[in-house]
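Peer 1: Please see the structure below; I have some questions.
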């Protein structure tokens, strides 16, 4: 059972990593990032609503919190992530998103716990920052100091929204909120928000089989199926194990970026990815031990 959970968790991260590549193909079909993310989470949420059963005895997430989390956790956390991916390479978007998200989570934990951070925390954050600097430095590869401002702002908003998703979910689960409503209500609200704004502000996409396949993969394979597999794997894995496997997406996305788009990663970029991966893993282990 445990070995099966490990395999399913790794498969899930591969499905999610593939989304970064599929998104690029979808953007090339002429669809805007908000329209694409809105379609993904609206359709994926509807599929999950039909497939997932409500757990007995759990509390329902009030709709007012569903709307708030839909805006912060999905409109910002996911919609802005798609905007960032439309302007950045998959590897750089993934690296900045994960680094920013873990820093926001650590900051939220410190504010909540009112603890004085030790030297080890500063060392891990320094390793994280050093990894980002090594990756995005003018030493070859894609480090060229030409980071688009819109991409930077979007990825920071996405990191904040994704971090708040983790913090809010942890809080709601401790209050006994049922997992199905905690996931589906914010997802559907956020998906509809993104879709409406995308259709109102972006050029309407031209229907094609290629675009349909991209949306289908994002909504039903990496979305609904990926979430279902991940939830199943969590029944047998510890938080540290799940975090370490999820962090592997940094490496998976970089490899897929090289394979599909011929991205050139120099020694500094490889070292930066390794440093960020190590720092995030160490920070998550500490946060899990404190929780």
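The values are calculated or read from the model by the stated rules, or taken from the named source; none is laboratory data. Since the model is a prediction, treat every value here as computed from it, not as a measurement. As a convention, Cβ positions derive from the backbone with ideal geometry for all residues, glycine included, and neighbour counts pool all protein chains shown.
Peer 1: Can you tell me which residue among 206, 192, 215 is modelled with pLDDT of 90 or more and not in a helix (DSSP H, G or I)?
Peer 2: Details: 192 fails: not in a helix (DSSP H, G or I); 215 fails: not in a helix (DSSP H, G or I).
Answer to the selection: 206.
Peer 1: Please work out if residue 132 is within 18 Å of residue 93 (Cβ to Cβ), assigned to a helix (DSSP H, G or I), in contact with a helix residue (DSSP H, G or I) (Cβ under 8 Å, 6 or more places away or on another chain) and modelled with pLDDT under 85. Spell out how you get there, then give the answer.
Peer 2: On the way: within 18 Å of residue 93 (Cβ to Cβ): yes; assigned to a helix (DSSP H, G or I): yes; in contact with a helix residue (DSSP H, G or I) (Cβ under 8 Å, 6 or more places away or on another chain): yes; modelled with pLDDT under 85: yes.
Considered against the rule, which asks whether it is within 18 Å of residue 93 (Cβ to Cβ), assigned to a helix (DSSP H, G or I), in contact with a helix residue (DSSP H, G or I) (Cβ under 8 Å, 6 or more places away or on another chain) and modelled with pLDDT under 85, residue 132 comes out as yes.
Peer 1: Now for a different question. Only one of 61, 48 is outside any helix (DSSP H, G or I), surrounded by 17 or more Cβ atoms within 10 Å (Cβ to Cβ) and touching a residue at least 40 places away in the same chain (Cβ under 8 Å). Can you tell me which?
Peer 2: Details: 48 fails: outside any helix (DSSP H, G or I).
Going through 61, 48 in turn, the sole match is 61.
Peer 1: Further question: Against the conditions (1) modelled with pLDDT of 85 or more; (2) farther than 15 Å from residue 278 by Cα; (3) surrounded by fewer than 18 Cβ atoms within 10 Å (Cβ to Cβ), where does residue 117 fall short? Just the number, please.
Peer 2: Looking at each condition in turn, residue 117 falls short on (1).
Peer 1: Assess whether residue 220 counts as being at pLDDT below 85 and under 22 Å from residue 188 (Cβ atoms).
Peer 2: Working: at pLDDT below 85: no; under 22 Å from residue 188 (Cβ atoms): yes.
In short, no.
Peer 1: Quick one: in region 248-275, of everything that is farther than 15 Å from residue 88 by Cβ and within 16 Å of the chain's Cα centre (by Cα), which residue is modelled with the lowest pLDDT?
Peer 2: Result: 248.
Peer 1: A follow-up question, please. Of the conditions (1) over 21 Å from residue 76 (Cα atoms); (2) modelled with pLDDT of 90 or more, residue 186 fails just one. Which one is it?
Peer 2: (1)
Peer 1: For region 148-160, indicate whether the set of residues that are assigned to a helix (DSSP H, G or I), in contact (Cβ under 8 Å) with a residue 12 or more places away in the chain, farther than 19 Å from residue 51 by Cβ and over 22 Å from the mean Cα position of the chain (by Cα) is non-empty.
Peer 2: No, there is no match, as no residue in region 148-160 is assigned to a helix (DSSP H, G or I), in contact (Cβ under 8 Å) with a residue 12 or more places away in the chain, farther than 19 Å from residue 51 by Cβ and over 22 Å from the mean Cα position of the chain (by Cα).
Peer 1: Does at least one position in region 89-110 carry a residue that is at pLDDT below 85, assigned to a helix (DSSP H, G or I) and over 24 Å from residue 154 (Cβ atoms)?
Peer 2: yes
Peer 1: For the structure I just gave you, tell me whether residue 232 is assigned to a helix (DSSP H, G or I), modelled with pLDDT of 75 or more, at negative phi and more than 18 Å from the chain's Cα centre (by Cα).
Peer 2: yes
Peer 1: Quick one: residue 25 ticks every box in (1) surrounded by fewer than 16 Cβ atoms within 10 Å (Cβ to Cβ); (2) over 14 Å from residue 165 (Cα atoms); (3) modelled with pLDDT of 90 or more; (4) out of contact with any helix residue (DSSP H, G or I) (no Cβ under 7 Å at 6 or more places or on another chain) bar one, so which box is it?
Peer 2: Every listed condition holds for residue 25 apart from (4).
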